[in-house]
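Structure first, then comments.
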Amino acid sequence: MAIKVGVLSDTHLKKVTPALIRIYERHLAGVDVLLHAGDVVSTEVIRFLDRGAFYGVHGNMDPPDVRELLPQSRVVELGGWRIGLAHGTGGPESVEETVAGLFSDIDIIVYGHSHIHSNRVRNGILFFNPGTATGHCRKGANTLGFLELSETVQGRIVEIDSQ
């Protein structure tokens, strides 16, 4: 049985907005697990997203109350897969290297920070950045991601209309 994982990062919302509610209802309501790779910015948003199996980390823009709730990085084990979850630091060209150095013995690294989506395998590890569903996009449209975990892992980036 496949596990469907919804992936967000860099929402940068100080409160739950109508756009976030629409995104959740259209794309995330049916997932088994929800991951957030940092820069949530609000505990209100965390409470909204934490409706079931929710795992998040804090990012560089998160205030102290969010940092108290969410670690800087973590490993989540789902369906036999080890997922490293971190926000990242540095410029868009170096963030993947930064997060790679945080983990060992990992199958997937989910990260954010750059607002640029990525879904690629390097050295046997899936590096997955969902981009930003509600923040400022550096390239193209707002996006979020999905991981489907079974005997294999498949990552998928989805462009969304956040209006």
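The values are calculated or read from the model by the stated rules, or taken from the named source; none is laboratory data. Since we're looking at a predicted model, the values are computed, not measured. Because the Cβ atoms are built from the backbone with ideal geometry, glycine has one as well, and the counts that use them run over all protein chains shown. Heads up: the accessible areas ignore ligands, DNA and RNA and are worked out on the full protein's heavy atoms, side chains in. Shrake-Rupley method; radii C 1.70, N 1.55, O 1.52, S 1.80 Å.
Over the range 1-91, the hull volume per residue, using the convex hull of the C-alpha atoms, is 101 Å³. Bridgeable lysines around LYS139 (alpha carbons under 25 Å apart, same-chain partners fewer than 8 residues away excluded): LYS14, LYS15. Find which of HIS36, PRO64, VAL5 sits farthest along the positive direction of the dipole of the range 1-127, computed with +1 on the beta-carbon of Lys and Arg, -1 on that of Asp and Glu, about the Cα centre. Towards the positive end, the residue furthest out is VAL5. Backbone geometry of the range 151-159 corresponds, through the Karplus equation with coefficients 6.51, -1.76 and 1.60 at θ = phi - 60°, to 3J(HN,Hα) couplings of 5, 10, 10, 10, x, 9, 9, 10, 6 Hz, x marking Gly and Pro. Taking a ≥ b ≥ c as the square roots of the eigenvalues of the alpha carbon gyration tensor, the range 115-163 is oblate, as a/c is not under 1.5 and a/b does not beat b/c.
For the pair GLU159 and THR98, label points projected 7 Å from Cα toward Cβ lie 2.8 nm apart.
Between VAL158, TYR55, ALA86, the Cα set farthest toward the positive side of the dipole of the chain (charges on each charged residue's Cβ, about the Cα centre) is that of VAL158. For the range 1-134, the share of accessible area belonging to carbon and sulfur comes to 50 percent (1.4 Å probe, ligands and nucleic acids excluded). Using Cβ point charges alone (K and R +1, D and E -1), the dipole size of the range 1-44 about the Cα centre works out to roughly 140 debye. Each residue of the range 120-137 was assigned a 3J(HN,Hα) from its phi angle through the Karplus expression (A = 6.51, B = -1.76, C = 1.60, θ = phi - 60°), giving 8, 9, 9, 6, x, 10, 7, 9, 10, 10, x, x, 10, 7, 9, x, 6, 7 Hz with x at Gly and Pro.
Mind listing the phi-derived Karplus ³J(HN,Hα) values for the range 44-56, rounded to whole Hz, using 6.51, -1.76 and 1.60 with θ = phi - 60°, and x for any glycine or proline? After applying 6.51 cos²θ - 1.76 cosθ + 1.60, I find 4, 5, 4, 4, 5, 6, 7, 9, x, 7, 10, 10, x Hz. Classification of the chain by its C-alpha gyration tensor yields a rounded form. The axis ratio a/c (a ≥ b ≥ c) stays under 1.5.
Using only side-chain charges placed at the Cβ, +1 for Lys and Arg and -1 for Asp and Glu, the dipole size of the chain relative to its Cα centre rounds to 300 debye. As a length-normalised measure over Cα pairs under 8 Å and 6 or more apart, the relative contact order of the range 31-72 settles at 45 percent. Cα extents for the range 18-64 along the principal axes, largest to smallest and rounded to whole angstrom: 30, 22, 14.
In this structure the range 61-163 gives 50 Å² per residue of accessible area when probed at 1.4 Å with all protein chains present.
Computed about its Cα centre, the charge dipole of the range 63-145 is approximately 240 debye, with only Lys, Arg, Asp and Glu carrying charge at their Cβ. Across the chain, C-alpha contacts under 8 Å between residues 6 or more apart give a mean separation that, scaled by the residue count, equals a relative contact order of 24 percent.
Going by the alpha-carbon gyration tensor, a ≥ b ≥ c the square roots of its eigenvalues, is the range 41-116 rounded (a/c under 1.5) or, if a/c is not under 1.5, prolate (a/b greater than b/c) versus oblate? Cα axes put the range 41-116 in the oblate bin.
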